[in-house]
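For reference, the structure discussed in these notes is given below.
The values are calculated or read from the model by the stated rules, or taken from the named source; none is laboratory data. These figures come from a predicted structure and were not determined experimentally. Cβ placement follows ideal geometry from the backbone for every residue including glycine, while neighbour counts extend to all protein chains displayed. Note: areas computed on protein heavy atoms with side chains; ligands, DNA, RNA excluded. Shrake-Rupley method; radii C 1.70, N 1.55, O 1.52, S 1.80 Å.
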Amino acid sequence: MPERPTLDGIEETWAGVWEAQGTYAFDRTANRADIFSIDTPPPTVSGSLHMGSAFGYVQTDSIARYQRMRGKVLFYPMGWDDNGLPTERRVQNYYGVRCDPQLPYDPTYEPPADPPKDPVSISRRNFVELCLRLTAEDEKAFEALWRRIGLSVDWAQTYTTIGPVSQRASQRAFLRNLARGEAYAQEAPTLWDVDFRTAVAQAELEDREMPGAYHRVGFTQSDGEKVYIETTRPELLPACVALVAHPDDARYQPLFGSTVTTPLFGAEVPVRAHELADPEKGSGIAMICTFGDTTDVIWWRELDLPVRSILGRDGRLLSAAPDGVAEAPYAELAGKTTKQAQKRIVEMLAESGDLVGEPRPITHPVKFFEKGDRPLEVVTSRQWYIRNGGRDAGPREELLQRGKELAWHPAHMQARYENWVSGLNGDWLISRQRFFGVPIPLWYRLDADGEPLYDDPIVPEESALPVDPSSDLPPGFTEDQRGVPGGFAGDADVMDTWATSSLTPQIAGRWEDDADLYARVFPMDLRPQGPEIIRTWLFSTVVRSHLEHGCLPWRDTAINGWVLDPDRKKMSKSKGNVVTPMPLLEEYGSDAVRYWACSGRPGTDTAVDFAQMKVGRRLATKLLNASKFALGFPEASPGPITEPVDQAMLTALSAVVAAATEAFEGYDYARALERTETFFWTFCDDYIELVKNRAYSETVEADSANRALRIALDTLLKLFAPFLPFATEEVWCWFHEGSIHRQAWPTLAEKSGNPAVLTIAGEVLGQVRKAKSAAKTSMRTGVSRLVVRDSPERLALISFAGADLVNAGVVTELVLEEGEPAVEVTLADA
RNA sequence: GGGCGUAUAGCUCAGUUGGUUAGAGCGCACGCUUCACACGCGUGAGGUCACAGGUUCGAGUCCUGUUACGCCCACCA
């Protein structure tokens with residue numbers, strides 16, 4: 001036991017010991033019933049570390065530590081989500097490169113030390129190698145943080161979402177979806193990011209309020225009369241295929257079935273009726289373009305309209321005018337971005353007199369890719385989908401049912417799941433026209449013209465997985481047949497990152513690769529995660545497990561809250577208010593930061609609060625000092641707890657153990673911490689103060705106190721261990737062998753005492769202190785006479801603590817007498 | 001427009017099936033070198049529990065409505 005205990009340096013010390021001794025190692029010989037398995041969220045390693053990265057993980061860790069002490073064998077892995085767009089974008093900026101899948105692999109390629117101004121084009125394989133190199137660095141930084149903050153994960157159980165294990169699982173699951181008809185490809189209009197040049201899924205969309213303007217434009221009827229529409233996207237006029245109004249709209253009913261002519265471009269388009277047309281919006285009649293937004297897609301499909309494509313995948317207008325559109329005016333727009341085209345066409349419409357009045361500015365919500373910078377466009381392309389109930393009521397109902405089977409903590413988070421599933425408007429688009437991801441594991445035969453035969457893809461054997469169809473060969477083909485008529489071509493797309501992350505329980509459990517392990521951990525016990533990815537990660541994991549295994553992937557899910565900056569604003573890089581954890585861990589200590597994180601109620605948004613961290617540090621320090629003090633008393637031989645004050649304390653502590661246990665069973669770590677902490681401060685301020693003189697006294701009564709102190713100390717350390725793993729371990733090693741984190745959770749069941757003995761003694765002691773405070777004198781000042789008047793029942797309880805009260809209050813004469821409750825304190829000096 | 005959540009002391013939050021004068025910590029004020037801790041200890045002042053109704057012997061707690069804030073979703077011409 002150190003002379004002067006300190007928190008300094010205990011993180012390094014104990015993290016090293018835990019690693020060396022395998023304190024948190026998973027025992028794969030344990031039975032399923034004895035295992036608690038956690039589907040840890042794999043953090044996106046290409047992002048910066050911030051407090052949000054620490055918050056939820058620490059809360060989960062407290063639950064993991066509790067379960068471990070309850071005797072469970074923890075399967076607590078860590079994954080790194082390195083797969084996907086964020087990594088690509090970071091690699092592009094970091095190395096100054098750009099992926100060109102057409103280029104051949106250069107095995108000798110090395111990126112320059114400083115990124116060049118103009119990006120260097122490199123092959124897909126070279127690009128992927130850079131992605132792997134950079135994420136390896138990032139993963140080291142994350143692991144260092146997790147170890148520093150004391151996550152009790154088993155570092156032998158790690159995976160990356162781009163690694164071969166994940167690729168194999170991801171491709172296997174996809175092929176099985178394909179075989180069962182759950183995965184399918186379809187040529188269809190889809191939302192498209194023109195910068196990333198990829199399709200995006202419904203789950204990755206977000207609305208942003210954008211400025212725009214209504215342009216009132218006249219179309220010409222057959223009799224020469226004009227009909228006016230209002231549009232925010234006049235540049236799509238050449239793509240117009242119809243006008244549409246609500247079927248009940250009397251203003252436009254006479255026009256239904258007739259045709260009108262588009263201004264400038266002279267295309268003849270029908271006027272149609274559809275329920276989705278809103279008479280209140282604009283002029284009540286809208287132009288349908290292929291495609292301006294998702295409503296256009298619905299109208300186009302349901303009204304069976306032709307296609308007039310004008311927008312390329314690069315976000316620029318195509319060079320050739322579509323059929324039926326006048327070429328001369330279109331030529332002025334070809335090759336322009338939508339923004340440039342809008343400017344020009346407004347000028348042209350103004351000149352021709354088809355634009356009525358000035359454009360009327362508005363702001364309106366526009367769909368963006370959540371990681372994108374420009375509004376999404378709609379382009380037609382061939383994409384892969386997995387059925388998720390977005391198009392079929394039956395599967396949707398099944399998935400809603402799965403959501404009901406899952407135990408949500410807190411329960412109200414289930415509403416977000418139901419909201420999302422009920423609002424799906426299409427299947428899950430999983431293909432991405434990107435590079436750093438798990439490839440779609442398919443090839444296509446090429447016909448005599450070199451066109452792919454999509455209807456009959458070449459499927460690899462599961463044993464061959466993972467495959468990269470852009471470099472691996474399909475069975476029975478040779479490399480010189482790649483890309484030539486009569487030969488084959490690999491599917492160029494990769495899967496959405498969620499298509500792989502949706503399999504984290506299977507990946508971590510080594511599905512099909514290690515049947516023994518898998519059977520011991522799957523389905524898992526707990527999925528902890530953030531609220532913002534219920535619609536993506538949680539839902540997609542349920543979808544994959546439901547389709548593949550016919551069950552839930554886990555029994556419980558714990559949804560953590562959001563971390564806000566100290567001013568209760570959402571943290572974001574763009575606002576520059578991101579708080580990074582490492583400096584805080586250094587300033588306050590890991591236990592203190594953990595204390596702050598575990599003070600946040602489950603599912604409740606919590607602000608970064610330095611004051612709370614300070615309190616946490618104070619608690620950890622107090623734990624060291626109080627423990628040192630209690631351990632400094634003479635050690636008593638085993639025997640009975642004879643004194644009512646000691647019995648009262650242990651009985652009260654038993655209630656705290658019961659409350660903390662019950663709270664943890666319901667995943668409410670915060671309540672467990674709060675109950676324990678409240679008791680601990682009273683224990684220090686009242687109980688220890690009352691008994692310390694007795695404990696030194698080398699009497700029978702001293703033995704009782706010392707036995708009680710040891711029991712209480714053991715118990716409190718264990719109760720705090722899930723929250724303050726470093727400080728509790730430090731204290732534990734002073735008087736025990738082995739790690740506290742492998743000890744059994746306390747089951748104290750002392751009922752012999754009456755907690756009121758301690759409460760009332762505390763009240764009287766408070767009165768004595770109050771008198772001394774009022775006299776502005778030291779607490780050591782003697783009390784010549786202490787009179788306590790109360791009911792006979794309460795006096796009886798106080799008498800049990802009489803000797804301790806006399807000691808703690810430095811009292812000469814204690815008088816107990818019946819009467820109206822009152823305490824009279826006569827100070828010796830007075 | 002739909003859904004969910006929150007509203008209690010200056011600040012951050014507890015308050016589990018409705019039960020006597022509503023709690024904690026921080027901050028603040030005033031004290032105290034008390035043999036573990038001055039990164040400490042003690043005492044104290046702070047609240048018409050968002051608002052309006054209702055149920056009840058009794059409401060911070062249950063019901064209805066209103067307001068404010070936050071988050072999620074929605075077909076954005």
(request) Find the all-direction average of the projected area of the Cα convex hull for the range A:327-389, expressing the result in square nanometres with one decimal place. (result) 7.8 nm²
(request) Please compute P(r) over all alpha-carbon pairs of the range A:290-403, binned at 10 Å starting from zero, and give each bin as a whole-number percent. (result) 11, 29, 36, 14, 8, 2
(request) Would you be so kind as to identify which of A:TRP734, A:PHE723, A:LEU673 lies farthest towards the positive end of the dipole of the range A:659-756, taking Lys and Arg as +1 and Asp and Glu as -1 on Cβ and the Cα centre as origin? (result) A:TRP734
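Name the shape class, rounded, prolate or oblate, that the alpha-carbon gyration tensor gives for the range A:506-643, where a ≥ b ≥ c are the square roots of its eigenvalues, rounded holds for a/c under 1.5, and otherwise prolate holds if a/b is larger than b/c and oblate otherwise. Display every interim value, and only then the final one.
On the way: a/c = 2.94, a/b = 1.36, b/c = 2.17.
Here the range A:506-643 falls in the oblate category.
Can you give the relative contact order of chain A as a percent, counting alpha carbon pairs under 8 Å and 6+ residues apart?
It comes to 14 percent, rounded to a whole number.
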(request) Return the ratio Rg/(2.2 N^0.38 Å) for the range A:736-803, where Rg is computed over Cα atoms only. (result) 1.67
(message) Check which residues have an amide H placed less than 5 Å from A:PHE36's amide H, if you skip close sequence neighbours.
(response) A:VAL73, A:LEU74, A:PHE75
(message) Under the 0.36 nm per residue contour assumption, what length would be gained going from the current alpha-carbon distance of A:ASP516 and A:ALA141 to full extension?
(response) 131.8 nm
(request) Please give the per residue accessible area of the range A:374-501, computed with a probe of 1.4 Å over protein heavy atoms only, in Å². (result) 43 Å²
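Hey, could you get me the Stokes-Einstein D for the range A:168-292, Kirkwood radius over alpha-carbon pairs, 10 °C and 1.306 mPa s, rounded to whole µm² s⁻¹?
On the way: Rh = 17.4 Å.
The diffusion coefficient I find is 91 µm²/s.
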(request) Describe numerically, in nm with one decimal, the distance between label points set 7 Å from Cα along Cα→Cβ at A:GLU19 and at A:CYS551. (result) 3.6 nm
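Once you've got the Cα coordinates, tell me which of A:LYS371/A:LYS570; A:LYS72/A:LYS718; A:LYS628/A:LYS692; A:LYS140/A:LYS371; A:LYS117/A:LYS343; A:LYS692/A:LYS776 are over 19 Å apart.
Values: A:LYS371/A:LYS570 17 Å; A:LYS72/A:LYS718 15 Å; A:LYS628/A:LYS692 13 Å; A:LYS140/A:LYS371 25 Å; A:LYS117/A:LYS343 31 Å; A:LYS692/A:LYS776 24 Å.
Over 19 Å apart, Cα to Cα: A:LYS140/A:LYS371; A:LYS117/A:LYS343; A:LYS692/A:LYS776.
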(request) Would you mind telling me the share, in percent, of accessible area of the range A:726-830 contributed by carbon and sulfur at probe 1.4 angstrom? (result) 51 percent
(message) Taking the Kirkwood radius as the inverse of the mean 1/r across Cα pairs, report the Rg/Rh of the range A:456-530.
(response) 1.13
(request) Report the normalised scattering of the range A:369-412 as log10 I(q)/I(0) at q = 0.33 Å⁻¹, calculated by the Debye formula with identical scatterers on the alpha carbons. (result) -1.10
(request) Would you tell me the accessible area of A:VAL459, worked out with a 1.4 angstrom probe on the heavy atoms of the protein chains, in Å² to the nearest 10? (result) 70 Å²
(request) May I ask you to give the solvent-accessible area per residue for the range A:5-62, in square angstrom, as obtained with a 1.4 angstrom probe? (result) 36 Å²
(request) Find which of A:GLY324, A:PRO306, A:GLY292 sits farthest along the positive direction of the dipole of the range A:292-339, computed with +1 on the beta-carbon of Lys and Arg, -1 on that of Asp and Glu, about the Cα centre. (result) A:GLY292
(message) Accessible area of the range A:64-125 with a 1.4 Å probe: how many percent of it is carbon plus sulfur?
(response) 47 percent
(request) Could I have the simple spin-label model distance between A:SER258 and A:LYS614, label points 7 Å from Cα toward Cβ, reported in nm to one decimal? (result) 7.7 nm
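Just flag the trypsin sites (Lys or Arg not before Pro) in the range A:33-142 sitting in loop per DSSP whose Cβ has no more than 14 other Cβ atoms within 10 Å. Working shown, then result.
Working: sites: A:ARG65, A:ARG68, A:ARG70, A:LYS72, A:ARG89, A:ARG90, A:ARG98, A:LYS117, A:ARG124, A:ARG125, A:ARG133, A:LYS140; in loops: A:ARG70, A:LYS72, A:LYS117.
For trypsin sites (Lys or Arg not before Pro) across the range A:33-142 that sit outside H, G, I, E and B with at most 14 neighbouring Cβ atoms in 10 Å, the list reads A:ARG70, A:LYS117.
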(message) List the residues, sorted by chain then number, that are 5 or more residues from A:HIS246 or on another chain and whose placed amide H is less than 5 Å from its amide H.
(response) A:HIS274
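Heavy atoms only, probe 1.4 Å: what % of the accessible area of the range A:139-189 goes to carbon and sulfur, would you let me know? Don't jump to the answer; show the numbers that get you there.
On the way: 860 of 1650 Å².
Carbon and sulfur together cover 52 percent of it.
Viscosity 1.002 mPa s, temperature 20 °C: give me the Stokes-Einstein translational D for the range A:703-781 in µm²/s, with Rh taken as the Kirkwood radius over C-alpha pairs. Show your work: numbers first, answer last.
On the way: Rh = 15.5 Å.
Diffusion coefficient, whole number: 139 µm²/s.
Based on the Cα coordinates of the range A:564-640, what is the per residue volume of their convex hull in Å³?
Details: hull volume 9.3 nm³, N = 77.
Normalising the Cα hull of the range A:564-640 by residue number yields 121 Å³.
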(message) Net charge around A:VAL815, counting only other residues with Cβ within less than 14 Å of its Cβ (Lys, Arg = +1; Asp, Glu = -1)?
(response) -3
(request) Give a quick list of trypsin sites (Lys or Arg not before Pro) in the range A:683-751 that DSSP marks as loop, anything other than H, G, I, E or B, with at most 15 other Cβ atoms within 10 Å. (result) A:LYS751
(message) Please list 3J(HN,Hα) in residue order for the range A:272-279, calculated via the Karplus relation 6.51 cos²θ - 1.76 cosθ + 1.60 where θ = phi - 60°; whole Hz, with x for glycine and proline.
(response) 10, 10, 7, 4, 6, 5, 9, x
(request) Could I get the Rg over Rh figure for the range A:1-112? Both from C-alpha atoms, Rh via Kirkwood, rounded to two places. (result) 1.13
(message) Positive end of the dipole of the range A:59-122, charges at C-beta (+1 Lys, Arg; -1 Asp, Glu), about the Cα centre: which of A:THR60, A:ILE122, A:TYR94 has its Cα farthest in that direction?
(response) A:THR60
(request) With label points built 7 Å along Cα→Cβ from the Cα atoms of A:ASP106 and A:ASP449, find their separation and express it in nm. (result) 3.7 nm
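Out of the GluC sites (Glu not before Pro) in the range A:571-636, which ones are loop residues according to DSSP with at most 13 other C-beta atoms within 10 Å? Intermediate values should be presented prior to the final figure.
Details: sites: A:GLU586, A:GLU587, A:GLU635; in loops: A:GLU635.
Qualifying residues, ordered by number: A:GLU635.
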(request) Please find the FRET efficiency linking A:ASP114 to A:LEU631, where r is the Cβ-Cβ separation and R0 is fixed at 60 Å, and quote it to the nearest 0.05. (result) 0.55
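If the only charges are +1 at each Lys and Arg Cβ and -1 at each Asp and Glu Cβ, what is the size of the charge dipole of chain A around the Cα centre, to the nearest 20 debye? Each step should come with its number before you reach the end.
Values: 87 positive and 120 negative charges, 272 e Å.
Charge dipole of chain A: 1300 debye, to the nearest 20.
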(request) Pop out the Kirkwood hydrodynamic radius of chain A from its pairwise C-alpha distances, inverse of mean 1/r, in Å to one decimal. (result) 31.7 Å
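Accessible area per residue for the range A:216-272 in Å², computed with a 1.4 Å probe and the full protein assembly in place, what is it? Please list the in-between numbers first.
On the way: 2150 Å² over 57 residues.
Per residue, the range A:216-272 has an accessible area of 38 Å².
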(message) If the only charges are +1 at each Lys and Arg Cβ and -1 at each Asp and Glu Cβ, what is the size of the charge dipole of the range A:231-370 around the Cα centre, to the nearest 20 debye?
(response) 360 debye
(message) Quick query: amide H of A:THR812 versus all other amide H atoms, modeled in the peptide plane; which residues come in under 5 Å with a sequence gap of 5 or more or a different chain?
(response) A:VAL783, A:SER784, A:ARG785
